[in-house]
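No lab work stands behind these numbers, since they all come straight from the coordinates. All figures in this text were calculated on a predicted structure; none of them were measured in a lab. All Cβ positions, even for glycine, are placed from backbone atoms using ideal geometry, and neighbour counts span all protein chains on display.
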């Protein structure tokens with residue numbers, strides 16, 4: 001991913017905070033804003049939390065980043081966009097992993113009644129225990 005090119009294609013100015021945030025998300029898929037802010041600060045020396053949130057929100061609106069919000073978890077961000085993939089979330093440690101579309105092409109799933117909506121995306125979150133947490137449970 002070339003962050004500069006993504007920003008330019010989206011009609012956004014290329015700035016050091018935007019580059020630092022995009023690079024942090026690319027290096028840490030499914031990270032929350034605090035983790036991303038820490039990585040951006042490490043790269044830049046200083047950047048406000050509000051600036052990080054502003055960059056994240058602008059990039060989500062521009063379609064450069066995707067925000068996911070698993071129940072009970074802060075919003076998380078990823079660079080994998082536009083393919084309608086889903087996520088696996090560990091109930092114990094909170095790890096998040098991508099998984100491909102449940103069946104077929106987007107929107108993957110059809111509700112029993114669409115209530116007149118023109119559906120273009122399905123968001124599915126599978127919950128369970130990751131292999132590491134399962135191994136810890138088995139060891140008890």
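With each label modelled as a point 7 angstrom along the Cα→C-beta vector, the residue 97-residue 119 pair spans 2.6 nm. Remark: the chain projects, on average over all directions, an area of 11.1 nm² (convex hull of Cα atoms).
When DSSP beta bridges are limited to those with both residues in the chain, what percentage is antiparallel, rounded to the nearest 5? The partial results should precede the final answer.
Details: 9 of 13 bridges.
Here the share of antiparallel DSSP bridges comes out near 70 percent.
Take every Cα pair under 8 Å whose residues are at least 6 apart in sequence, average their separation, divide by the length of the chain, and the relative contact order is 18 percent.
Gain on full extension, evaluated as 0.36 nm per residue between residue 67 and residue 46 minus their Cα-Cα distance, stands at 5.2 nm.
Normalising by the residue count of segment 82-139, find the relative contact order in percent from Cα pairs under 8 Å and 6+ residues apart. Don't skip to the end; give the middle numbers.
Details: 72 pairs, mean separation 24.1, N = 58.
After rounding, I find 41 percent.
For segment 1-75, the calculated P(r), taken from all Cα-Cα distances in 5 Å bins from zero up to the bin holding the longest distance, is 3, 18, 30, 27, 16, 5, 2 percent.
Here the simple spin-label model places points 7 Å from the Cα toward Cβ, and for residue 81 and residue 137 these points are separated by 3.5 nm.
Its alpha carbons give segment 82-139 an Rg and a Dmax of 14.8, 50 Å.
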